[in-house]
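Read through the structure below, which is laid out as structure tokens, and then see the notes.
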Amino acid sequence: MKKFHLTTFGCQMNAHDSERMKGMLTSLGYAEVEARDDADLILFNTCSIRENADNRFISHLGEAKRLKTEDPGRIVGVGGCWAQSVKEEVFRRFPFVDVAFGPGQIHRLAEFLNSDSLTAQGYFEFEEFSGDLPSHRERQFQGWLQISQGCNCACSYCIVPTTRGREESRDPDLLIAEAERQSAEGVIELTLLGQNVNSYGRDLPKETRIRFSDLLRRVDQVDGIERIRYTSPHPKDMREDVIEAHAELSGLCEHIHLPLQSGSSVILKKMRRTYTRERYMDRVAMIRERLPDCGITTDIIVGFPGESDEDFAQTLEVVEEVGYDGAFTFIYSPRRGTLAAEMDGQVSHPVKKERMAALLEVVQRRAKAEAQRFVGRPLEVLVEGPSRNDPTRIRGRSRQNKAVNFEGTALPGQLVEVDITEATSQSLTGTERLLSRIAV
Ligand code: SF4
């Protein structure tokens, strides 16, 4: 049996693509191995969001070169956004690479492996969504449902529209059929996936066109799916019907990830985010009013070109006011091929680091304060496995997407009630409530 090793970089979309790549290779008779040295097929699913993502990947590629030199019969393949961003240049820069393919071309890898092609092959055309490949889920009870591919936005720092193409929504009936299949395979928590999920459906033909909130309602009807999540929404498309769906649907979790990026409308304009600070805060107010217990998390970039002390102060004000349950924070790094990389007013690294430290202080202090609302309450937790930092405890996630570490005997994939006794900015601690297993 041929053996493969796959290294995944980047976002949830890549994590999902890798699950599909593994499912496809397994169906072709390949077996996954832990060590790259043991593999006949060495694969990388790459990210290209930031320059240093490229550099990290290229250091891994060096090891693949060594292994290929040791055994020329090995096949080296590079997929994902970096491959799409450089295309045929992959082979010129790394002649030992045999196959390269874009995020929308995973199925072509099977074609290459089944062909007796001896020359390097690249697949970079943007095509229809590459269908319903078998998926090799990391956890049997948690699944991804990719509802669209590509992005029609043009954020000035982002390369995704170049590497993943225009937004294409998948047919709702096909999506429900896939959700039903995943449920039959044991999935109870389904995460809807897209670069910009809440603009879903706009490009669908009139006769099948539905809104994102309608899709959520249809998924909520699928037997066996106990929890629904989605990522990533765009604040410009976070409309009342989606917030109403949260209030109405029993399966839709009380968590909204709402990327802010900057609290300054001047910087948001430079980022081409198409919303202002006021519009963003208006969305937050609507969520707070309709879903008081909802967890809100975000993404923030510090040190964007032209960001003044005043602009940054406005970002801190928004974080202070919203009180996020968590935040992914990034130091801006220029990405070749993006508008922002050519902008004047690039911020020095020491200033970026200083601002990141100030931002983290506010994010963590506010997140800790917000998390106290869970102490003394029972929360429904989906068990994921042993706690990462205390093997005597179990780890799972609440519906608000808070990590919960607790004492108990529940097993991965079970929904249980946990009495929360303590809360930090990162996670909650508690004890499993006896006889609280929620039958699924
Ligand atoms: S919404 Fe903006 S940041 Fe997100 S993928 Fe699209 S272009 Fe990139």
Residues that are more than 14 Å from the ligand (Cβ to nearest atom) and either assigned by TED's automatic domain parsing to the domain that holds residue 401 or basic (Lys, Arg) (or both), drawn from the stretch 163-172
170
Is it true that residue 373 is in contact (Cβ under 8 Å) with a residue 40 or more places away in the chain, assigned to a helix (DSSP H, G or I) and crowded, with 18+ Cβ neighbours inside 10 Å?
no
Matching residues, the stretch 85-96, being without any contact (Cβ under 8 Å) to a residue 24 or more places away in the chain and crowded, with 19+ Cβ neighbours inside 10 Å:
86
The strands (runs of 3 or more DSSP E) lying wholly within the stretch 70-162 that contain at least 1 residues that are modelled with pLDDT under 95, in contact with a Ser or Thr (Cβ under 7 Å, 6 or more places away or on another chain) and within 16 Å of the ligand (Cβ to nearest atom) are 75-80
Kindly establish whether residue 167 is within 30 Å of residue 339 (Cβ to Cβ) and either open to solvent by 30 Å² or more (accessible area, probe 1.4 Å) or in contact (Cβ under 8 Å) with a residue 24 or more places away in the chain (or both).
yes
Residue within the stretch 356-364 that is farther than 13 Å from residue 316 by Cα, surrounded by 14 or more Cβ atoms within 10 Å (Cβ to Cβ) and either touching a Cys at 6+ places or on another chain (Cβ under 9 Å) or not β-branched (Val, Ile, Thr) (or both) present
no
I need every pair where a residue in the stretch 247-260 that is closer than 24 Å to residue 221 by Cβ has its Cβ under 8 Å from the Cβ of a residue that is within 16 Å of the ligand (Cβ to nearest atom) and not in a strand (DSSP E or B), sequence separation at least 6 or different chains.
256/233; 256/238; 257/232; 257/233
Number of the exception - residue 183 against (1) modelled with pLDDT under 95; (2) open to solvent by 20 Å² or more (accessible area, probe 1.4 Å)
(1)
Residues of the stretch 1-19 that turn out to be assigned to a loop (DSSP other than H, G, I, E, B) and surrounded by fewer than 15 Cβ atoms within 10 Å (Cβ to Cβ), as a count
2
Evaluate the following for residue 175: is it more than 11 Å from the ligand (Cβ to nearest atom), under 21 Å from residue 259 (Cα atoms) and open to solvent by less than 20 Å² (accessible area, probe 1.4 Å)?
no
Within the stretch 376-396, residues surrounded by fewer than 12 Cβ atoms within 10 Å (Cβ to Cβ) and touching a residue at least 24 places away in the same chain (Cβ under 8 Å) come out as 376
How about the stretch 290-313: which of its residues are within 16 Å of the ligand (Cβ to nearest atom), crowded, with 22+ Cβ neighbours inside 10 Å and more than 19 Å from residue 195 (Cα to Cα)?
302, 304
Kindly check whether there is at least one residue in the stretch 270-283 that is more than 24 Å from residue 367 (Cβ to Cβ), touching an Asp or Glu at 6+ places or on another chain (Cβ under 8 Å) and either hydroxyl-bearing (Ser, Thr, Tyr) or in contact (Cβ under 8 Å) with a residue 12 or more places away in the chain (or both).
no
Is it true that some residue in the stretch 5-27 is small (Gly, Ala, Ser), in the same structural domain as residue 91 (by TED's automatic domain parsing) and under 18 Å from residue 74 (Cβ atoms)?
no
Residue pairs meeting the criteria (Cβ under 9 Å; at least 6 apart or on separate chains; first hydroxyl-bearing (Ser, Thr, Tyr), in the stretch 136-155; second within 16 Å of the ligand (Cβ to nearest atom) and open to solvent by 20 Å² or more (accessible area, probe 1.4 Å)):
148/167; 148/168; 148/195; 148/203
What are the residues in the stretch 20-35 that are surrounded by fewer than 20 Cβ atoms within 10 Å (Cβ to Cβ) and not hydroxyl-bearing (Ser, Thr, Tyr), if any?
23, 28, 29, 31, 32, 33, 34, 35
Residues being of a type outside the set (Phe, Trp, Tyr), closer than 21 Å to residue 105 by Cα and surrounded by 21 or more Cβ atoms within 10 Å (Cβ to Cβ) - total across the stretch 62-84:
8
Test: residue 368 is under 22 Å from residue 158 (Cα atoms), open to solvent by 80 Å² or more (accessible area, probe 1.4 Å) and not in a loop (DSSP other than H, G, I, E, B):
no
What tally of residues in the stretch 36-46 results from selecting those that are surrounded by 21 or more Cβ atoms within 10 Å (Cβ to Cβ) and not in a strand (DSSP E or B)?
1
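The values are calculated or read from the model by the stated rules, or taken from the named source; none is laboratory data. Remember, it's a predicted structure, so these values are computed and weren't measured experimentally. For neighbour counting, all protein chains shown are included, and Cβ atoms are generated from backbone atoms with ideal geometry for every residue, glycine included. Ligands, DNA and RNA are stripped out before the accessible areas are found, and what is left, the full protein with its side chains, is counted by its heavy atoms. Shrake-Rupley method; radii C 1.70, N 1.55, O 1.52, S 1.80 Å.
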